[in-house]
Amino acid sequence: MRYSTTDFHLDVNGVSYPTRGFMLWDSIVSGMRWEGDWVRGNEFLPERWFAGPDEELHVKKNAWRGFGLGPRGCIGQDLAMTELKLALAVVAREIDIECAWDEWDVKTGYKGPKYEMDGHRCYQVGVAVPHVSGGMPVHVRLRK
């Protein structure tokens, strides 16, 4: 987020947006799905985190900005990312996760509209502190 002292100019199509005096927020959701950095960015592919540099799904350096970049970036991000990958590998190989929207709707008696974004009922909403719209009912089962 930053305070805009000029108007934002989108070079792709030459459109100028009047942003002077506004707070600008970058869209983490859009950035995390941008096909320029993420192969098949709209798909849930946990295996991308284990892909080597020569593999198609390899995540480009600095594409994931959860820790920030630049002089104020997190100094522990390399250790944290290593720990996250190890934890994901240990947990993911032992469990199966599946959505349970239909069962949840029956259990809660929900008969309203099924709002979706990009074909999914689970999507990010919120300002400043994002959260999942409507929660995310799932079944988590140990693999046999």
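The values are calculated or read from the model by the stated rules, or taken from the named source; none is laboratory data. Just so we're clear, the structure is a prediction, and the values are computed from it rather than from any experiment. Cβ atoms come from the backbone with ideal geometry, glycine included; neighbour counts cover every protein chain shown.
Of the conditions (1) out of contact with any strand residue (DSSP E or B) (no Cβ under 9 Å at 6 or more places or on another chain); (2) in contact (Cβ under 8 Å) with a residue 40 or more places away in the chain; (3) surrounded by 10 or more Cβ atoms within 10 Å (Cβ to Cβ), residue 93 clears all except one; give me its number.
(3)
Hey, can you tell me all the residues within the range 18-55 that are at pLDDT 75 or above and among the aromatic types (Phe, Trp, Tyr)?
22, 34, 38, 44, 49, 50
Does residue 115 satisfy the condition of being closer than 26 Å to residue 25 by Cα and surrounded by 12 or more Cβ atoms within 10 Å (Cβ to Cβ)?
No; evaluated as a whole, the condition is false for this residue.
What pairs can you find where one residue is in the range 35-56 and of a type in the set (A, V, I, L, M, F, W, C), the other is in a loop (DSSP other than H, G, I, E, B), and their Cβ atoms are less than 6 Å apart, with a gap of 6+ or different chains?
Within 6 Å, the pairs are 39/56; 39/57; 51/57; 51/58.
Quick one: how many residues across the range 59-109 are assigned to a loop (DSSP other than H, G, I, E, B) and at pLDDT 90 or above?
Of the residues in that region, 4 qualify.
With the structure loaded, tell me whether residue 8 is out of contact with any His (no Cβ under 6 Å at 6 or more places or on another chain), surrounded by 13 or more Cβ atoms within 10 Å (Cβ to Cβ) and at pLDDT below 80 or whether it fails that test.
Answer is yes for this residue.
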